[in-house]
1. Please list the non-local residues whose amide H lies under 5 Å from the amide H of Asn119, H modeled 1.01 Å from N, same-chain partners needing a gap of 5 or more.
2. Mind checking the dipole of the stretch 6-143: about its Cα centre, +1 per Lys or Arg Cβ, -1 per Asp or Glu Cβ, Debye to the nearest 20?
3. Would you pull out the residues with amide H under 5 Å of Ser138's amide H, same chain only if 5 or more places away, H placed 1.01 Å from N?
4. Each residue of the stretch 107-120 in order: what ³J(HN,Hα) in whole Hz does its phi give by Karplus 6.51 cos²θ - 1.76 cosθ + 1.60, θ = phi - 60°, with x for Gly and Pro?
5. Which chymotrypsin sites (Phe, Trp or Tyr not before Pro) in the stretch 1-71 pass both tests, a DSSP loop state and at most 10 other beta-carbon atoms within 10 Å?
6. Given an 8 Å cut-off on Cα distances and at least 6 residues of separation, report the relative contact order of the stretch 1-50 as a percent.
7. Long-range amide H contacts for Gly29: which residues qualify at under 5 Å (H placed 1.01 Å from N, peptide plane, sequence gap of 5 or more or a different chain)?
8. Which order results if Arg10, Arg56, Arg16, Arg51 are arranged by neighbouring Cβ count within 10 Å, fewest first?
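Please treat every number below as a calculation from the coordinates, not as lab data. Keep in mind that what you see is a predicted model, and the values were worked out from it rather than measured. As a convention, Cβ positions derive from the backbone with ideal geometry for all residues, glycine included, and neighbour counts pool all protein chains shown.
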Amino acid sequence: MHDPTGRVFRLCPDGRLDCLISNGPSPNGLVLSPDEAVLFVAMTRDNSIWRVPLMRDGGVGKVGRFSLFFGTSGPDGLTMDQKGRLFVAHASLGHVFVMAPNGETIARIKSCAGATCTNLVLESANGTLLITESSAGSVLMADLAHFP
């Protein structure tokens, strides 16, 4: 956090490159809300998720912290389902945190392989969450078919 100069860029269809964030402490995972009106960014060294409103004119609204975590590292990979629930792989806690659209933690999925959950993806066809756990070199599966 002593050098918050991480940047997040957007490549526009016309080829223009816009800098959306220029002061991020280690920006990492990125995901858009289902309506593509908000960008969520994992700020690993800040141990938080930032919420970046995307304006219709191409600008950025007021950026703020969506959620704050703890631990020796921070959030890494992100994904979001069609209900707007944010899934956060945490790189030092061995969990995937599930956040409601209002930022409340509504569930945690604990790794059975190690404490370094680094990335994840939702397979929407069958309701499966795939999680990479880098300390063990594993790919884990969580069945979300009956997840609330």
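1. Answer set, sorted by chain and number: Gly77, Thr132.
2. Roughly 360 debye, rounded to the nearest 20.
3. Here the answer is Glu133, since their amide H atoms fall under 5 Å of that of Ser138.
4. 6, 9, 10, 8, 5, 9, 10, x, 9, 10, 6, 10, 7, 7
5. Qualifying residues, ordered by number: Phe70.
6. 29
7. Ala42
8. Lowest to highest Cβ neighbour count: Arg56, Arg16, Arg10, Arg51.
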